[in-house]
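Since the structure comes first, as structure tokens, the remarks are kept for the end.
The values are calculated or read from the model by the stated rules, or taken from the named source; none is laboratory data. Note that the coordinates shown come from a computational prediction; the quantities given were computed from them, not determined experimentally. Neighbour counts are summed over all protein chains in view; Cβ atoms, including those assigned to glycine, are modelled from backbone coordinates with ideal geometry.
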Amino acid sequence: MDASDIARVQAYLRRILGSERVTLIKPARPGLSVEVAVQEEVIGTVHRDDDEGEVSYSVHLTILDEDLPPLPKAAATPARRRV
């Protein structure tokens with residue numbers, strides 16, 4: 001993706017997600033993925049696809065289990081039903 005693609009996709013994501021904190025980070029070397037960040041935390045990547053002249057962009061979000069809040073106690077242990 002070139003600088004123009006990055007700016008356009010970033011503007012779109014900011015608009016639809018309602019946050020100016022979304023930033024696309026240009027890769028250090030050509031051929032690497034453009035990263036999606038919210039503030040300083042990288043949350044995924046953006047890829048450009050050009051198929052017979054039709055251009056699209058796909059966003060892949062990665063959520064690490066360690067970043068999720070803990071399960072509530074009730075959900076962690078299924079309740080036993082009395083018969």
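Considering only residues that are surrounded by fewer than 17 Cβ atoms within 10 Å (Cβ to Cβ) and under 14 Å from the mean Cα position of the chain (by Cα), look in the stretch 1-17 and name the one that is nearest to T62 (Cα to Cα).
L17
Scan the stretch 29-46 residue by residue and report those that are over 11 Å from the mean Cα position of the chain (by Cα) and touching a residue at least 12 places away in the same chain (Cβ under 8 Å).
Passing the criteria: S33, Q39.
Looking at R80, is it surrounded by 10 or more Cβ atoms within 10 Å (Cβ to Cβ), at pLDDT below 95, among the charged types (D, E, K, R) and at negative phi?
Against the criterion (surrounded by 10 or more Cβ atoms within 10 Å (Cβ to Cβ), at pLDDT below 95, among the charged types (D, E, K, R) and at negative phi), R80 does not qualify.
Select the strands (runs of 3 or more DSSP E) contained entirely in the chain, then report the ones holding at least 3 residues which are among the polar types (S, T, N, Q).
Hits in the chain: none.
When both residues are 6+ apart or on different chains and their Cβ atoms are under 7 Å apart, which pairs have a first residue that lies in the stretch 2-28 and is over 15 Å from V55 (Cβ atoms), and a second that is at pLDDT 95 or above and loosely packed, with under 12 Cβ neighbours inside 10 Å?
Within 7 Å, the pairs are R14/E20.
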